[in-house]
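Down below is the structure, laid out as structure tokens.
The values are calculated or read from the model by the stated rules, or taken from the named source; none is laboratory data. Nothing here was measured: the structure is a model prediction, and the numbers come from that model. No Cβ is skipped: glycine too gets one built from the backbone with ideal geometry, and neighbour counts run over all protein chains shown.
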Amino acid sequence: MATGDDTDVSVFTSCLNQMKEFVVGTGKDEASYMEVDQAEDYEIEYNFKHSQRGIAVVIVNEYFHGHSKRSGAELDRDMLANCFKSLKFDVRVFTNLSGSDTMKVLQGVSLEMCRNTDFDCFAFAISTHGDKISYNDTHKNKVIEEDIVHATDGYIRTADILDVFSDENCKGLEGKPRLFFLQACRGDKLDPGTENYDEIDGYYDKEIITRLPCRKDFLVMYATPPGFFAFRRPKQGSWFVIHLCQILSQASSEKSNLCKLLRWVTKAVGHKIESSAADPTFDKKKQTPCIYSMLVKDIHLA
């Protein structure tokens, strides 16, 4: 299709909350729990006083087997690399990786962070095609949906990428924030933009559950809500990446709270940009990034 804005296509009805159960005893045990809780309350910011900021992995895929070329992907690569460098990250940039090579790179970085733990946090950004996969849970009469991102030769579940950097798989990240930014479609829906929302009295005989991988100390920011397109301008770059890099760069010059900056990104993309396409199906459409955060403290990148 001939469009001014391209999409990166190739999900959110429920989210499973992660909870911990605390069994509090009496006497000395109860007093010790209270002391721990009180101590933790004073730690309102993650420790960003290590000798290194940390590693930022940037993966940008432009060419694919069986999918269209992503014109403008190189602009995303340069913007993301420069943005993370301005935030003092050790930036590792990779382009056009296969699925196996992607996982090897990530597992190698995870192992490196286990060996050297004197760093503040970890960041990951990917710009590629994406979609969702669905499968039936016949026992519970439910449809399960999961996000995927495309490598050059197939797809990878977003959950598998995040899992590489869990506490279990990367001990060097325990208690440290992990930041993920994903520029990719999450389905084929289009947002026309509207001022009023009407309820739909539709009926579907199976409950749809969208699995959203997020753990303690994780922040995952998607370019678009579950099920929707993510747009890219071939001569400028992806909508989400443009505003993410512009706004995050402010963090290098002032003490700005990261979550506040990311809310500005969501507002900027949702309010300032509208698609331009020769095909009316894709013309005058909107996009709103969304954030899933299980950070337990504030982050200031300055």
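Against the condition at pLDDT below 95 and closer than 30 Å to Asp5 by Cα, how does Gly72 come out, does it pass? Against the criterion (at pLDDT below 95 and closer than 30 Å to Asp5 by Cα), Gly72 qualifies. Do we have Thr288 as in contact with a Ser or Thr (Cβ under 8 Å, 6 or more places away or on another chain), modelled with pLDDT under 90 and among the β-branched types (Val, Ile, Thr) here? So Thr288 fits the description; yes. Inspect the stretch 20-32 for any residue being under 19 Å from Gln236 (Cβ atoms), part of a loop (DSSP other than H, G, I, E, B) and modelled with pLDDT under 90 and give the result as yes or no. No - not one qualifying residue is present in the stretch 20-32. Here is the figure for the stretch 48-69: residues that are part of a strand (DSSP E or B) and at pLDDT below 95 total 0. Tell me, please, whether a residue that is in a loop (DSSP other than H, G, I, E, B), of a type in the set (Ser, Thr, Tyr), at pLDDT 65 or above and loosely packed, with under 14 Cβ neighbours inside 10 Å can be found in the stretch 213-234. Taking every residue of the stretch 213-234 in turn, none turns out to be in a loop (DSSP other than H, G, I, E, B), of a type in the set (Ser, Thr, Tyr), at pLDDT 65 or above and loosely packed, with under 14 Cβ neighbours inside 10 Å.
Here Ile200 clears all of (1) at pLDDT below 90; (2) among the β-branched types (Val, Ile, Thr); (3) within 15 Å of the chain's Cα centre (by Cα) except the condition numbered (3). One residue alone among Ser276, Ser249, Ser256, Ser238 is at pLDDT below 90 and crowded, with 18+ Cβ neighbours inside 10 Å, and that residue is Ser256. Within the set Leu106, Leu97, Leu80, the sole residue that is in contact with a helix residue (DSSP H, G or I) (Cβ under 9 Å, 6 or more places away or on another chain), hydrophobic (A, V, I, L, M, F, W, C) and over 20 Å from Asp163 (Cβ atoms) turns out to be Leu80.
Each residue in the stretch 130-157 was checked for being among the β-branched types (Val, Ile, Thr) and within 17 Å of Asp188 (Cβ to Cβ), and 4 pass.
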